[in-house]
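S.K.: Before we start, here is the structure in question, set down as structure tokens.
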Amino acid sequence: MGEGMQEAAEEGEFVGARLDAGLRAARFASPPSTDDFAADVEPRNVPAVFRGVAKEWAASTRWDPLHGGLDYLLGKVGSDVAVEAMMSDTGHVFYGDLRSHERVGFRFRSRSELLLASCEVSVPFSTFIQSCKSYLSCMHAASDSSIHQRILEEPTCSSNSESSEQVYLAQVSIMNAENKDRCSLEVLKEDIQEPIFLRGKSFSSINFWMNGAHLRSSTHYDPHHNLLCVVAGRKKVTLWPPSASPFLYPMPVYGEASNHSSVSIEEPDFSSYTRARYMKEYSERVVLNCGDVLFIPEGWYHQVDSDDLTIAVNFWWKSRIMTQMLEHMDAYYLRRILSRLVDKEMNILVQKSPFYRSKDCTTTNIQPMDKALTGFQLFNLQKDSPLQTLEPCTLQALYKLISLVHDGAEVKNDTAESTSQDTSSNQREETKITAADDLSLLDKDPVAKIILPVGPLELRSMMLAMVHTFPRTLETLVLNMLGPVGAEILTRKFDEIDQQTTKEEQAEFYKTFYSVFEDQYAAMDVLLNGKELFSFQVFQNTLDKYLRVHVERPS
């Protein structure tokens with residue numbers, strides 16, 4: 001990664017506890033060469049911080065609002081040039097939802113006038129600069145002796161109150177490859193330099209960003225690689241990898257701002273967005289001072305806090321992530337991506353759950369048999385009984401399953417030894433299946449919770465013991481009480497059993513297991529239907545987490 005790379009976190013920065021080390025932003029004290037960036041930084045698609053890269057730009061001294069930069073910018077651009085401005089009626093926060101802000105030409109007297117106005121109307125650049133001058137004067141008047149500290153750390157002017165509307169020059173073009181006529185600030189290109197490690201890149205656009213009072217932009221991702229360069233002031237950028245989408249609740253793909261998070265920055269509603277309570281644990285914050293540069297790869301979520309009178313320039317260019325995708329293969333790519341995400345979610349649920357891992361089991365934790373078999377005729381354990389061969393934890397799991405079947409039978413006013421051929425039609429004919437967050441699918445399936453911690457060979461011994469000792473209980477368990485998650489876990493355990501036994505042992509096990517069912521195909525149908533329902537539930541959750549799309553199960 002180059003000699004200048006610094007791995008240690010710097011003052012003011014933090015790394016979320018659950019953020020993978022390989023996804024943390026690399027730090028460079030000096031910029032890499034073009035070849036090093038192309039070979040070691042860009043292909044990783046992980047953020048990188050380059051200190052002081054823009055410090056030598058003319059813009060870093062000429063544009064500084066604290067040292068005459070506002071007058072310089074006005075003289076450089078001219079008083080007659082118009083620029084598009086963004087206005088927020090939510091105080092200092094600029095959300096991605098277009099209903100909370102508009103591109104406007106001026107600070108309108110009322111919201112109704114704003115809605116009736118054309119978004120193409122522009123504000124004179126001189127008007128915006130004058131508003132920044134007024135804010136700076138307000139800061140001076142508040143405390144001349146501490147102006148620098150106040151501007152860098154906290155807003156003090158009444159114009160920055162939460163109820164006031166703010167204007168933000170966001171993404172004003174200095175260069176635009178697709179629309180050269182819209183580059184209202186092209187003249188400023190003379191004061192900036194193309195970073196050495198980006199030489200040869202074909203930029204989509206170079207943009208100017210400037211705010212007066214402190215502001216905060218909503219969490220979003222960009223469809224291009226982004227190099228954010230701070231020219232004046234300071235920005236605090238919080239980063240999330242694309243894999244953190246489930247915690248950020250991106251807006252629906254069919255919506256007006258699909259690349260933005262729908263979680264409120266100021267007051268997140270954890271009752272509606274339950275996974276969002278973990279979003280900070282998957283984030284990293286980077287502080288950019290004047291001259292610092294941040295590489296934000298395509299697809300990475302970021303939320304930016306800009307100090308008072310902060311100016312930045314960013315370079316956007318197309319990555320090769322999407323350009324290498326052939327159009328006639330889009331349907332295949334989509335199916336493969338969804339399949340991989342679904343498989344990942346399924347594995348998390350049935351294999352890597354942090355809530356249902358096997359615990360150490362001692363004889364002191366084993367329930368007395370008379371408690372575990374309440375309602376059943378106590379079985380007289382002989383020395384050659386299959387139950388005698390079970391490990392304590394396995395025996396405990398067996399008792400739980402038997403009690404579960406017995407309790408279920410009491411509720412249904414039926415007997416636990418019933419040979420009913422009811423194949424849980426009610427279970428398979430649910431009228432509506434709603435997406436569940438994280439591990440709630442597992443939490444609602446008591447059979448799954450019991451068998452998940454049991455090892456494959458221990459489960460094999462337990463199933464064989466049930467065949468010989470409680471055959472009708474096993475039949476009722478599978479046909480009437482096995483939920484979708486339980487079906488998935490049970491069949492996965494069967495696969496693990498196959499990996500640890502011979503072909504002959506496998507054949508003997510399945511012959512014995514299915515012998516308890518009067519209709520073996522009914523038992524197989526329950527397992528297959530349960531697995532299919534589980535797959536759909538996870539598919540549904542995956543669409544909700546990553547795309548915010550909800551689908552109903554086909555009838």
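S.K.: Need one number: nm distance between label points at Gln193 and Val81, each 7 Å from Cα along Cα→Cβ, rounded to one decimal.
M.R.: 2.2 nm
S.K.: Toward the positive end of the charge dipole of the range 268-324, about the Cα centre and with charges on Cβ (Lys, Arg +1; Asp, Glu -1), which of Ser306, Val293, Ile321 goes farthest?
M.R.: Ile321
S.K.: Still on this model: Round to the nearest 10 and report in Å² the accessible area of Cys393, as given by a 1.4 Å probe over the protein chains' heavy atoms.
M.R.: 50 Å²
S.K.: Another question about this same structure. Using the structure shown, select from Lys76/Lys133; Lys280/Lys344; Lys180/Lys235 the pairs with a Cα to Cα distance greater than 24 angstrom.
M.R.: Lys180/Lys235
S.K.: Quantify, in whole percent, the carbon and sulfur part of the accessible surface of the range 174-228 (1.4 Å probe; protein heavy atoms only).
M.R.: That share works out to 43 percent.
S.K.: Simple spin-label model, 7 Å along Cα-to-Cβ: Ser202 to Glu256 in nm?
M.R.: 3.3 nm
S.K.: Can you tell me which of 327-338, 443-454, 123-134 comes out highest on packing, and rank the rest after it, using the mean Cβ neighbours within 10 Å?
M.R.: Listed from highest to lowest mean packing, they are 443-454, 123-134, 327-338.
S.K.: So what does His550 come to for accessible area, using a 1.4 Å probe and Å² rounded to 10?
M.R.: Around 90 Å² of this residue is reachable by solvent.
S.K.: On a full-extension model of 0.36 nm per residue, what is the gain between Thr323 and Asp20, subtracting their alpha-carbon distance, rounded to one decimal in nm?
M.R.: Residue separation times 0.36 nm, minus the Cα-Cα distance, leaves 106.4 nm.
S.K.: Out of Leu457, Phe494, Pro554, whose Cα points farthest toward the positive end of the dipole of the range 443-555 (charges: +1 Lys, Arg; -1 Asp, Glu; placed on Cβ)?
M.R.: Of the listed residues, the answer is Pro554.
S.K.: Let me ask another. How big is the charge dipole of the range 169-209 about its Cα centre, in debye rounded to the nearest 20, if each Lys and Arg gets +1 on its Cβ and each Asp and Glu gets -1 on its Cβ?
M.R.: My answer is approximately 140 debye.
S.K.: Simple spin-label model, 7 Å along Cα-to-Cβ: Ala522 to Ala29 in nm?
M.R.: 7.5 nm
The values are calculated or read from the model by the stated rules, or taken from the named source; none is laboratory data. Note that the coordinates shown come from a computational prediction; the quantities given were computed from them, not determined experimentally. So basically every Cβ, Gly included, is an ideal-geometry build from the backbone, and we count neighbours across all protein chains shown. The protein model used for the area step is the full one, side chains on, heavy atoms only, and it has no ligands, DNA or RNA in it. Shrake-Rupley method; radii C 1.70, N 1.55, O 1.52, S 1.80 Å.
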